[in-house]
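Report on one structure; see the data block that follows.
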Amino acid sequence: MTGPDFFAEEIEMSGRKHALRAWDWTMSPDRDTSRPLNVQIGKGLIDKIRAGLLPPGTPLPGSRELAAILGVNRKTIVLVYDELAAQGWLSTEGRRGTFVSPDLPQVRGRLGDNSAAIFEEALPNPAYHVYGSTEPLPEMASEGVIDFTDGVPDTRLVPFGALSSAFRMALLEFARGSQLGYSDPRGLFELRNTLTSMLRIERGLRADPESICVVRGSQMGIYLAARILVRPGDTVVLEQLTYPPARDAFRACGASVVSIDQDEFGMSAESLRNVCKAQRVRAIYLTPHHQFPTTVTMPIERRMELLKLAEEFGFVIIEDDYDHEFHFTHNPMQPMAALDRRGTVIYIGSLSKILAPGLRVGYVVAPPSIIHRIANEIVLIDRQGNSVTERAIADLMQSGELRRHVRHAAKVYHARCHTSAALVSEYLGPFASVDIPGGGLALWVRKTDDVDMAQLYDDAIAQKVRILPGSNFSAEARNVKALRLGYASLNEKEMQTGMARLKSALSRQVHLYGSAA
């Protein structure tokens, strides 16, 4: 039902008092919809009042009469009238009956216009000024589409038995102990304490529970860091190719975002120095472990250069270590935060890449004064995280189950990394080249000049395969001769299917290829 049509005839309005029930009622409630009848009828009345079809003071049928007309129980109509009277749409005058409230302002408009559809369709842009992006949200995974993501883990590898058991025990513990109320906005102490041990032993961070705040994924950590650091007009520096939601988070907080050169090692220290000499830099954002999107690992020499620049020019380094656990060629390098001796690095990590993005567990490590500011921001928007989830994750870490899962997943992803690189060579041939990364969950595939990447994206979608062109990661959406192919969420058969479809899409532009087999 697209909207109830209550009246067959136009109500005569000649300045005289309306005769009671001087119209035929032709509305027929839809009993096949999930919406209750009283909601349908009440909404229809409000639509007509707002459209001017029921002006202030208009009499309505008695509840018994309207119930008979519509074929519903009289109690349904009584409920509708009581609710609309409580909201101020209707008024009752004892035995005289029920009327459209005379206090409502007169609505000007022609009878029969489309204004009654105001609640049936999405509202247009509001008349008042609002902030924020109007860009459409990215399309989620579609049926039958092979999605080369930006580096999403394979949730099929999650140890669901251990995870469900941990959740069950956490819920029982909290329920029996009456602990399901509000708690510390920094996150459950047990998880912060467990993270402290892991960060000290495995990453060399001088952390403690007071210097950790649990957040709902690394993106929330980035946004909160931007909130406490940036004021309108402050300069934040990022690499030319970087994680787009991070750039958007800084801009949303009013930052003037400057994108600078990067080389095979990541952010150029020379370019950063030049920017710092020209203007006051508030913060820089980095993904040094596996640069996003190019996957390269920043060497120790470059990290030390950037830390010295931070000390010299007084800016903050926001280090996003989003997939630290997955490094294949050697032991992962310690984070820049482990080298920091002056509290200039805000370190952001995530457990979502280990288990599943839907679990939304990340953390921020910083001096306690910074953590308290972040916690105060959390109180304004979220109050706290999910204590049950945090307790379950803490139990998985303490029992060693999470470490076992990481070991298993790392082996799977290492194999998939080599498989996907081999498939790029097999199916894409002279079109593309790729260096096998030392870790991470995605490949950075460089293309030739023969291919229009924007057209390739459209052609690939037509073949039911989704790719991420390099231009997606550029601040100016410039033509980047590369694409990022996340392989971790795909098994070998899915990768082969995706590469074959991508080859078929390329056949429209590159005559070296025929149709995919």
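The values are calculated or read from the model by the stated rules, or taken from the named source; none is laboratory data. Everything numeric here is computed off the predicted structure, so don't read it as measured data. Backbone-built Cβ (ideal geometry, glycine too); neighbour counts: all protein chains shown.
Tabulated results
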| item | result |
| --- | --- |
| Test: residue in region 388-396 that is in a helix (DSSP H, G or I) and touching a strand residue (DSSP E or B) at 6+ places or on another chain (Cβ under 8 Å) | yes |
| Close pairs (8 angstrom Cβ cut-off, 6 or more residues apart or separate chains): charged (D, E, K, R) in region 33-46, in a loop (DSSP other than H, G, I, E, B) and at pLDDT below 85 anywhere | Lys43/Pro4 |
| Residue within region 215-233 that is among the charged types (D, E, K, R) and more than 16 Å from Ile348 (Cβ to Cβ) present | yes |
| Residue selected from region 349-397 under the condition buried (at least 21 other Cβ atoms within 10 Å of the Cβ) and of a type in the set (Asp, Glu), by the criterion modelled with the highest pLDDT | Asp395 |
| Selection status of Gly343, in contact (Cβ under 8 Å) with a residue 60 or more places away in the chain and assigned to a loop (DSSP other than H, G, I, E, B) | no |
| Residue selected from region 313-348 under the condition touching a strand residue (DSSP E or B) at 6+ places or on another chain (Cβ under 8 Å) and among the polar types (S, T, N, Q), by the criterion surrounded by the most Cβ atoms within 10 Å (Cβ to Cβ) | Thr344 |
| Test: residue in region 249-261 that is assigned to a helix (DSSP H, G or I), closer than 19 Å to Ile346 by Cβ and in contact (Cβ under 8 Å) with a residue 60 or more places away in the chain | yes |
| Any chance Ala51 is in the same structural domain as Pro105 (by TED's automatic domain parsing) and over 38 Å from the mean Cα position of the chain (by Cα) | no |
| Qualifying positions in region 400-431 - touching a residue at least 24 places away in the same chain (Cβ under 8 Å) and more than 19 Å from His327 (Cβ to Cβ) | Glu401, Leu423, Val424, Glu426, Tyr427, Leu428, Gly429, Pro430, Phe431 |
| Some residue of region 288-295 being touching a Gly at 6+ places or on another chain (Cβ under 7 Å), of a type in the set (Val, Ile, Thr) and closer than 18 Å to Pro332 by Cβ | yes |
| Scan of region 440-450 for residues that are touching an Asp or Glu at 6+ places or on another chain (Cβ under 9 Å) and on the phi < 0 side of the Ramachandran plot, ordered by number | Leu441, Ala442, Leu443, Trp444, Arg446 |
| Residue satisfying all of: in region 179-232; among the hydroxyl-bearing types (Ser, Thr, Tyr) and touching a residue at least 40 places away in the same chain (Cβ under 8 Å); nearest to Ala366 (Cα to Cα) among these | Ser211 |
| Some residue of region 455-471 being more than 28 Å from Thr287 (Cα to Cα) and not in a helix (DSSP H, G or I) | yes |
| Hits in region 207-246 - residues which are more than 18 Å from Arg186 (Cβ to Cβ), surrounded by fewer than 21 Cβ atoms within 10 Å (Cβ to Cβ) and within 20 Å of the chain's Cα centre (by Cα) | Pro244, Pro245 |
| Top-ranked residue in region 71-108 [being at pLDDT below 85 and surrounded by 12 or more Cβ atoms within 10 Å (Cβ to Cβ); ranked as nearest to Pro61 (Cα to Cα)] | Leu104 |
